[in-house]
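Bear in mind that the values in this text are calculations on the coordinates, not laboratory data. Note that this is a predicted model, so its numbers are computed, not measured. Don't worry about glycine lacking a Cβ; one is built from the backbone with ideal geometry, like all the others, and counts go over all protein chains shown.
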Amino acid sequence: MAEVRDDVRYLATHEWVKLEADGSVVVGISDHAQDALGDVVFVELPEIGTSFVQGSEMAVVESVKAASDIYAPVSGVVVACNSALEDAPETVNDSPYDAGWFVRLTPDDPSSIESLLSPDAYQALCDDETH
Amino acid sequence: MQTCLYASHIDAGGKMVDFSGWQMPIHYGSQIEEHIAVRQHAGVFDVSHMTVIDVTGKDATTFLRHLLANDVVKLSRVGQALYSAMLDERGGIIDDLMVYRGPDGYRLVVNCGTREKDLVWLQTAAAGFDVLVEEAPHLAILAVQGPKAMDLLGTALTPHQAHALAELKPFECAFSGQDMIARTGYTGELGAELILAADAACALWDRLRALGVKPAGLGARDTLRLEAGLNLYGSDMDEQVTPSACNLSWTVVHNGRDFIGEKALLAEKEAGGDRRLIGVVMTDRGVLRAGHPIVSGGREVGVITSGAFSPSLQRGIGFARIEGANELKAPLLAVIRGREMPVLGVTLPFVRRGKACFKPLV
């Protein structure tokens, strides 16, 4: 059973989003997503300073199975990327919610995260996909 | 459909997917770990979804010499195996298959996705020959591959089977009733493929696992065969592709015997066939996938037919079908999500017996 963390919010496309104390948001992919993808072999991250609008393609994760887009969960500017994933993409499988994070954004509107899926809603979505 | 090992796959944590109507394990947790186990130790694959067809009768040899682009007269005695393409009249590849010569005739192992059309093609082509073409029912197929595969099989098999296996050289096989053991495989490693009754296959699976042989799924099978430079039917070849366009010219024997598709191949040769399959490796980070265009000198010159991240080489590799004879003078680029990434054209295979062995094409 894939873990659904209750201190983050989610997209239907399986990204998680965590609001930090400084108002930035960290983005990764869920345990359910990494399990469905299989071994992650390559992660393409954006340049720091790039602006994204909500829902646009922000990064790419490639597994043994397929390439998948990572979408910007909110509009904002990239302030950090997890460059450790370049040499160790398997970290996404091993630690999807912690060491396997992708991008940190400064959101244009911090309240926009509230419109994302709650852990319960995301759990229901995963249950639907599994059954 | 399920193979007789379905419960064993579930027990081993297999992630099951539909593969041409069969519930098969794509991996058991980590495709890459399974791949590496086969390169460095030993892995066992359930390939019971593949179709086994026995060809017997007075004209079996004459029939197969006509049916196949490789020549079964190379199988000069019982217990030898051969890889061949089966062509249509246009020289297009209907399927690729293994032929094993047994005491009573020949055993063919064909792909599962092409089962129906292969059986129809064989039955139709058999008209006028004194042959019996029969699908062998209820048999399981295990492939045990890796540098330790032969040693571990020697321990896991019955003494009778182990003795038979020890006598075999690569591309040789031994029959015992319906059962067959062959020194063949699809990984570029040492190993064997075994066709057994369901209960014997399940027992062997359990003994191999107890000896530390890792179950490996269809995902690892695909990356292993890609590194080994071996084609996959439906990806690298199909009915629109002739052997010369998919690196299989070495399997075609022209010796005046007249096989199906030969006229088309000779006409293609006359006209100067201008499609071929080469290996490509990425020089930067990334993953090649089927369908990525290959450009050179500002023009599209080909396409990736199979691509993956190579666990052995730790970079993106693939097969590229190149159109035109002189296209490799300018550097090659793969177009990945709109970006042109440099790739190196190389000889195949990429990996053999656990070691990188490719060379740049000149």
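Which value, in debye to the nearest 20, describes the size of the charge dipole of chain B about its Cα centre when Lys and Arg Cβ atoms bear +1, Asp and Glu Cβ atoms bear -1, and nothing else is charged? Display every interim value, and only then the final one.
Numbers: 36 positive and 41 negative charges, 274 e Å.
The dipole magnitude comes to about 1320 debye.
Evaluate the Debye formula for the range A:9-106 with equal point scatterers sitting on the alpha carbons, no solvent, and hand back log10 of I(q)/I(0) at q = 0.18, 0.21, 0.23 Å⁻¹, in q order, two decimals. Each listed q corresponds, in turn, to -0.73, -1.01, -1.23. Per the Cα gyration tensor, the range B:52-135 maps to an equivalent ellipsoid with semi-axes of 18, 14, 13 Å, ordered largest to smallest. Among the listed pairs A:Lys65/B:Lys15; B:Lys329/B:Lys355; B:Lys329/B:Lys359; B:Lys148/B:Lys355; B:Lys15/B:Lys214, give every one whose C-alpha distance is greater than 23 Å. Table pairs above 23 Å Cα-Cα are B:Lys329/B:Lys355.
Charged side chains reduced to their Cβ positions (Lys and Arg at +1, Asp and Glu at -1) give the protein assembly as shown a dipole of some 2260 debye around its Cα centre.
For B:Leu194, neighbours were defined as the other residues whose beta-carbon sits under 13 Å from its Cβ, and their charges (Lys and Arg +1, Asp and Glu -1) total 0. Under the criterion of Cα pairs below 8 Å and six or more residues apart, the relative contact order for chain B equals 18 percent. Among A:Gly49, A:Pro89, A:Ala99, which residue has its Cα furthest toward the positive end of the charge dipole of the range A:9-106, with +1 on Lys/Arg Cβ and -1 on Asp/Glu Cβ? The listed residue farthest towards the positive side: A:Gly49. Farthest toward the positive end of the dipole of the protein assembly as shown, out of B:Gly79, B:Thr155, B:Phe319, is the Cα of B:Gly79, where the dipole comes from beta carbon charges about the Cα centre.
Using just the C-alpha positions of the protein assembly as shown as equal point scatterers, what log10 of I(q)/I(0) does the Debye formula give at each q in 0.12, 0.14 1/Å? Each listed q corresponds, in turn, to -1.12, -1.36. Per-residue ellipticity at 222 nm from helix content only, as computed over the protein assembly as shown with -39500 (n - 2.57) for each DSSP H run of at least four residues, stands at -6000 deg cm²/dmol.
Comparing A:Val53, A:Val27, A:Val43 in a Gaussian network model of chain A where C-alpha atoms under 10 Å apart are linked, the largest mean-square fluctuation is found at A:Val53. For the protein assembly as shown, the antiparallel share of DSSP beta bridges with both residues in that region comes to about 95%.
The 3J(HN,Hα) values that the Karplus relation (6.51, -1.76, 1.60; θ = phi - 60°) gives for the range A:4-15 are, in residue order, 10, 5, 9, 9, 9, 10, 9, 9, 5, 8, 6, 7 Hz. Gly and Pro appear as x.
On alpha-carbon atoms, Rg over Rh for the range B:21-98 using Kirkwood Rh?
Details: Rg = 17.3 Å, Rh = 15.8 Å.
Taking Rh as the inverse mean 1/r over Cα pairs, Rg/Rh reads 1.10.
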